[in-house]
Every structure is written in C-alpha cells, then in structure tokens.
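Enquirer: Let me begin by handing over the structure; questions about it come next.
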Amino acid sequence: MMTRRITQLLIGLAMYGISLAMFIRAGLGLDPWDVFHQGVSQKTGFSIGVVVIAVSFLVLLLWIPLRQMPGIGTIANAVLVGLFADLGLWLIPGFSHLGGQIAMLAGAVILNGIASACYIGARLGPGARDGLMTGLVRRTGWSVRLVRTGIEVVVLAVGFLLGGSVGVGTVVYALAIGPIVQVLLPKFMVPERVKATDGTTSGPATEPVEAVPTAPAA
C-alpha cells in the first residue's frame with residue numbers, strides 16, 4: 001500500500017509541475033499563487049521553479065508558530081513541483097496564436113486536476129500553502145473560505161504588481177479546478193487501513209471524501 005501511495009504522490013507532483021509550465025506557455029493567466037511566483041521570478045531573475053521551491057520552504061517556516069507538522073508529501077511537494085515546472089518550460093514551446101493558447105490552457109487545467117487528485121489521494125501530507133491555510137483556520141477559528149480567499153487575494157495582488165500574468169486562465173482555473181478534482185479524487189483516494197482491537201489491519205476504511213482545496217498543490 002505504501003509503495004502505491006509514494007508512486008502516486010510522485011507521479012501527481014510531476015504532473016502538477018508540468019501543468020504549471022503549460023499554464024505559463026498558454027500565456028492566458030495563472031492561479032493566484034503562480035501569479036505571485038511568476039512575478040517574483042520576473043523581478044529576481046530566478047527561474048519560476050526555483051521561486052516555487054523557495055516560497056514553499058519559506059511558507060513552511062510559517063507552519064512553526066501554527067504547530068503544523070509536514071508529511072512526506074509536504075516536502076516532496078516543496079521540491080518536485082518546482083523542478084518539474086522548469087523541466088516543462090524547457091520541453092514545451094510557447095504559442096503565438098490564440099487557438100494554441102486555448103488548447104494549452106484546457107490541457108493544463110485537466111492535467112492539473114488529475115495531478116491534484118493523484119497527490120491528494122496519496123494521503124501523504126498537504127502542500128505548504130494548503131497547510132498554511134488549514135493551520136490558520138485551526139488557530140483563528142475563521143472559515144476555510146475566508147482564510148483561503150484572504151490569502152489568495154493578497155498573493156494575487158502582490159504577484160500582479162510584480163508583473164505576474166492575470167487573465168482568463170486565472171478565472172478558468174478558479175471555476176474549473178474544484179469540480180474536476182472533486183470528480184476525480186474518489187478514483188485516486190488510497191483507502192486507509194482499519195486497525196482491529198488486536199492491532200491487525202482488517203481492511204480498507206470507507207470514509208467520505210474530504211472537501212477539495214481550490215488550489216491544492218503548490
């Protein structure tokens with residue numbers, strides 16, 4: 001079971017990084033955190049993959065006062081998404097015509113949804129940014145919607161001011177990613193094993209699927 005979870009996690013994170021590269025190549029707008037990453041990248045000269053990794057570890061520092069504990073998936077997420085984003089940008093060409101941009105955007109949204117369901121379903125820990133959100137929810141008592149919206153508005157605004165790309169892709173991502181992941185997550189969710197009173201495992205647990213984050217990975 002653990003082999004499947006780790007394999008699924010790694011595949012999901014690789015696809016997530018490639019989908020980020022596809023969003024950038026589409027040139028029609030990014031999700032809020034990646035608008036921020038792109039803006040920082042443009043101002044500093046570092047590749048977007050390096051910025052994604054650096055921001056991930058900086059956000060993880062904010063987990064300390066929130067008493068959040070990272071999992072294997074948290075650390076893997078912090079490293080691999082950025083690496084595969086840079087690899088994707090090296091492999092994937094840009095488009096100069098709208099038809100190609102739209103096709104690339106559609107592919108990016110679908111691949112991102114599959115990737116998100118894949119790594120969330122592995123149950124090996126949230127990404128740094130989602131962990132920040134859940135930690136703030138727990139410590140403040142505010143709603144998930146309020147905390148997530150507040151964080152994403154701030155990073156979107158800062159990223160836009162730094163030169164990050166905001167456009168129709170930003171809106172499409174916000175509207176489409178939640179429903180896509182919600183549909184796919186049950187297919188990728190690795191069931192937890194139920195421990196019997198004697199300490200043995202008796203079989204997979206049957207649990208309701210948790211609410212899907214709007215932007216689960218980066």
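Enquirer: Does segment 85-93 include one or more residues that are farther than 24 Å from G167 by Cα and within 14 Å of the chain's Cα centre (by Cα)?
Expert: So far as segment 85-93 goes, no, none of its residues is farther than 24 Å from G167 by Cα and within 14 Å of the chain's Cα centre (by Cα).
Enquirer: Applying the selection to segment 18-56, what residues are among the aromatic types (F, W, Y) and touching a residue at least 24 places away in the same chain (Cβ under 8 Å)?
Expert: Of everything in segment 18-56, those that are among the aromatic types (F, W, Y) and touching a residue at least 24 places away in the same chain (Cβ under 8 Å) turn out to be F23, W33, F36.
Enquirer: Where residues in segment 57-79 are under 27 Å from V166 (Cβ atoms) and touching a residue at least 40 places away in the same chain (Cβ under 8 Å), which of them is surrounded by the most Cβ atoms within 10 Å (Cβ to Cβ)?
Expert: N77
Enquirer: Picking from V209, V194, which residue would you name as being at pLDDT below 95, under 23 Å from Y16 (Cα atoms) and outside any helix (DSSP H, G or I)?
Expert: V209
Enquirer: If I110 passes every condition in (1) crowded, with 20+ Cβ neighbours inside 10 Å; (2) within 14 Å of the chain's Cα centre (by Cα) but one, which one does it miss?
Expert: The failed condition is (1).
Enquirer: Could you tell me how many of the residues in segment 152-166 are hydrophobic (A, V, I, L, M, F, W, C), buried (at least 18 other Cβ atoms within 10 Å of the Cβ) and part of a helix (DSSP H, G or I)?
Expert: Number satisfying all stated conditions: 2.
Enquirer: Just to be sure before I move on: is G135 without any contact (Cβ under 8 Å) to a residue 12 or more places away in the chain and either farther than 21 Å from L10 by Cα or in contact with a Lys or Arg (Cβ under 8 Å, 6 or more places away or on another chain) (or both) in the structure I sent?
Expert: So G135 fails the test.
Enquirer: State all residues of segment 91-129 that are within 26 Å of L62 (Cβ to Cβ) and aromatic (F, W, Y); if no residue qualifies, say none.
Expert: Matches in segment 91-129: Y119 only.
Enquirer: Where residues in segment 80-120 are part of a loop (DSSP other than H, G, I, E, B) and touching a residue at least 40 places away in the same chain (Cβ under 8 Å), which of them is nearest to L132 (Cα to Cα)?
Expert: I92
Enquirer: Going through R139, R148 one at a time, which residue ends up being at pLDDT below 95, assigned to a helix (DSSP H, G or I) and surrounded by 18 or more Cβ atoms within 10 Å (Cβ to Cβ)?
Expert: Answer to the check: R148.
Enquirer: Among the residues of segment 55-103, write down those that are more than 23 Å from C118 (Cβ to Cβ) and among the β-branched types (V, I, T).
Expert: I64, I102
The values are calculated or read from the model by the stated rules, or taken from the named source; none is laboratory data. Here the structure is a predicted model, which is why all the values come from computation and not from measurement. Note: ideal-geometry Cβ built from the backbone for every residue, glycine included; neighbour counts use all protein chains shown.
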